[in-house]
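**Q** Sending over a structure as structure tokens; questions will come in a sec.
Here, each number is a calculation from the coordinates, and none is a lab measurement. All values derive from a computational prediction rather than experimental measurement. Here the Cβ is made from the backbone with ideal geometry for all residues, glycine too, and neighbour counts use every protein chain on show.
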Amino acid sequence: MCCVFDRYDIWETPVFDAGTMKKVLEINPDARFAPVGSGYVINAGEIADGELFRCPALTDSGCALGDEKPFDCRIWPFRIMEHEGERVIAVSSLCEEVHGRDFRELKSFLEKGLAETIFRYADENPQIVKPFYGNYTVVLAEHR
Ligand code: SF4
């Protein structure tokens, strides 16, 4: 679910660094990328209504990148977003397992170190910060 996209959630494709992009191209030479900041996003072209686009790193046995998958993928269903002028960490409603948990539990989990890791990574890679989108719920704001 988190590796297949339609025309409405294609913005969710991860940001690859040069190394992981090269690996994806070795696996799937037809993959196309576009630069964004210091990284690269998949150029999926036009996607028709009802059509699905598979991430070019996705194989029948899962992600071909294994532990080297992009940061976005490693932290999903969390995502760092810009919300009302502030960076926040939000959780996707598409992941029922995590989204259905008590939000205080999720916030406490993030505060044990993952939130700091995400904000620090975003300082160096601001292209991973996405505009806030309605099917996410804010769990933690950077300064609150
Ligand atoms: S890089 Fe791997 S984990 Fe990330 S969307 Fe593609 S297949 Fe899924």
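**Q** Working out 0.36 nm times the residue gap between residue 28 and residue 6, then minus their Cα-Cα distance, what length gain in nm do you get to one decimal? Before the final figure, lay out each step's value.
**A** Details: separation 22, 0.36 × 22 = 7.92 nm, distance 1.97 nm.
Result for the pair: 6.0 nm of gain on full extension.
**Q** What shape does the chain take by its C-alpha gyration tensor, where a ≥ b ≥ c are the square roots of the eigenvalues and a/c under 1.5 counts as rounded, a/b above b/c as prolate, and the rest as oblate?
**A** prolate
**Q** Using +1 on the beta carbon of Lys and Arg, -1 on that of Asp and Glu, and nothing else charged, what's the dipole of the range 77-141 about the Cα centre, debye to 20?
**A** 40 debye
**Q** Let me ask another. What ranking of 119, 16 emerges when the number of other C-beta atoms within 10 Å of each C-beta is taken as an exposure proxy, fewest first?
**A** 119, 16
**Q** What FRET efficiency would be calculated for the residue pair residue 116, residue 137, taking the C-beta separation as r and a Förster radius of 22 Å, to the nearest 0.05?
**A** Efficiency for this residue pair is about 0.60.
**Q** Given Cα pairs under 8 Å that are at least 6 residues apart, what percent is the relative contact order of the range 77-141? Don't skip to the end; give the middle numbers.
**A** Working: 77 pairs, mean separation 33.0, N = 65.
Reported relative contact order: 51 percent.
**Q** Would you work out which of 122, 40, 53 lies farthest towards the positive end of the dipole of the chain, given +1 charges on the beta-carbon of Lys and Arg and -1 on that of Asp and Glu, about the Cα centre?
**A** 122
**Q** A further question on this structure: Only Cα pairs under 8 Å and at least 6 apart count here; give the relative contact order of the chain as a rounded whole percent.
**A** Reported as a whole number, the value is 25 percent.
**Q** State which entries of 23/69; 23/130; 23/112; 69/130 exceed 22 angstrom in Cα-Cα distance in the structure shown.
**A** 23/130; 23/112
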